[in-house]
Amino acid sequence: MNGRTTSPLAQPLQRPSFGRIAVYLGLFVLGGIVGVAGALVQSGWFPGGLLLALAGEAGLCLGGARGAGSRGGAVAPAAGWMIAVVVLTASRPEGDFVFAAGGGSYLFLLGGMAMAVICATLGPGRQPGGDTARLGK
């Protein structure tokens, strides 16, 4: 080459390994379980249940991001949580539903979405490999 070094971020993307796919799938399923559990707990023990449900989702998303070492570790459980909660918001033909039209249910839905965004933002991003020295030195 002409003496220039290329950035590690300019390299082509690699396929994720089978282990990483299994971790993301497991986090997705755990997110769905936390969403169902949170939907049942948040209205049963208001306001403590709401705080417990949101803390459970935040813990799973942030723990997934730290454990996987990427923001995808926070997005996978958040996606599972979102799908589970959206499915539970739909009423059934019998007229049964999980969420009542109250303030706690809306706080759970909007607070859960906010927690997912916050945890995905706080998760570690993709960092270039190599020397740990600061740029410009």
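The values are calculated or read from the model by the stated rules, or taken from the named source; none is laboratory data. What you see is a predicted model; the values in this text were computed from it and never measured. Cβ: placed from backbone, ideal geometry, glycine included. Neighbour counts: every protein chain shown.
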Report summary line: Among the residues of segment 80-97, the number that are at pLDDT below 75 and either among the aromatic types (F, W, Y) or surrounded by 10 or more Cβ atoms within 10 Å (Cβ to Cβ) (or both) is 2
Query raised in the report: So which residues in segment 33-62 are of a type outside the set (A, V, I, L, M, F, W, C), at pLDDT 90 or above and surrounded by fewer than 23 Cβ atoms within 10 Å (Cβ to Cβ)?
Result: G56, G59
Query raised in the report: For segment 76-91, how many residues are more than 16 Å from A53 (Cβ to Cβ) and in contact with a Leu (Cβ under 8 Å, 6 or more places away or on another chain)?
Result: 1
Query raised in the report: If only one of A100, A114, A133, A120 is at pLDDT below 70 and closer than 23 Å to R66 by Cα, which one is it?
Result: A133
